[in-house]
Amino acid sequence: MIVSIEGILERATPLTAIINAGGLGYLVHIPVSTAAKLPANGETVKLHTHAVYREDSQSLYGFASEDERNFFQLLIEKVSGVGPKVAIGMMSKLELPSLISAIGNADAVLLAKTPGIGKKTAERVVIELKDKLGAFAHTSSANPLQGLVPGNTAAAGKVSHEDDAILALLALGYKQSDAAKSVGKAVEALGPNASTEALIKAALG
């Protein structure tokens, strides 16, 4: 099992990072919250990972902290109807402390706002995980990545945060028209200078 990866960040999108480790380029799927903490291209980064092996594919998922990786594992292994894409969507919509709080308080309404999560699935998340959150009791919202350069993230210098946000929603399963409409409303609400992460979170809401 691959539990972490450390190497040079070649490039990143709001939902993926390509990391060169030992001369090999690894495509790592990440939530928006992790993408916002990535260093600039060419810098060293370490992600805590979970590998998913299927008959027709192999996928690697990476997170800023072990707690986030462990929570992702709980979601996909313990909750029926929640696969990697839905789990990444949940963790892109809400930071880990907010997810832990929502589950602990049985707030299925908040969880159901995540794309791909209906009311019944949200209720299953609460039922299946509410008694399994002891390990996250001291989870903090501050989870800096090794190699993080303050004020110099991978998202810096991109031509269009709006386009990046639309691509992220498409990767989460949105239709092109719905993604463009949701991001457009987010731009109207937050302004043209909003970050990609802020636009995605607003669009998911």
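For the reader, a short list of remarks on this structure follows.
- Test: SER140 is at pLDDT below 90 and either assigned to a helix (DSSP H, G or I) or of a type in the set (A, V, I, L, M, F, W, C) (or both): no
- Among the conditions (1) closer than 20 Å to ALA17 by Cα; (2) over 13 Å from the mean Cα position of the chain (by Cα), MET90 misses just one, which is (2).
- Taking region 1-108 as the region of interest, the strands (runs of 3 or more DSSP E) fully inside it that hold 2 or more residues being closer than 21 Å to TYR174 by Cα are 4-13, 16-21, 24-29, 57-63.
- Of the residues making up region 25-46, those that are more than 17 Å from ILE76 (Cβ to Cβ), at pLDDT 95 or above and of a type in the set (A, V, I, L, M, F, W, C) number 2.
- Scope region 114-129; condition surrounded by fewer than 16 Cβ atoms within 10 Å (Cβ to Cβ) and either among the small types (Gly, Ala, Ser) or not in a helix (DSSP H, G or I) (or both); matching residues: GLY118
- Every residue from region 177-194 that is of a type in the set (Val, Ile, Thr) and more than 14 Å from LEU167 (Cα to Cα): VAL187
- Which numbered condition SER101 misses (of (1) over 27 Å from ASN20 (Cα atoms); (2) touching a residue at least 40 places away in the same chain (Cβ under 8 Å); (3) of a type in the set (Ser, Thr, Tyr)): (2)
- For region 34-54, a residue qualifies if it is small (Gly, Ala, Ser) and buried (at least 22 other Cβ atoms within 10 Å of the Cβ), and exactly one does: ALA35.
- Pairs where the first residue, in region 1-16, is more than 22 Å from SER92 (Cβ to Cβ) and surrounded by 18 or more Cβ atoms within 10 Å (Cβ to Cβ) and the second is modelled with pLDDT under 95 and not hydroxyl-bearing (Ser, Thr, Tyr), C-beta under 8 Å, 6+ apart: GLY7/GLY22
The values are calculated or read from the model by the stated rules, or taken from the named source; none is laboratory data. The structure displayed is predicted, hence computed values, not measured ones. Backbone-built Cβ (ideal geometry, glycine too); neighbour counts: all protein chains shown.
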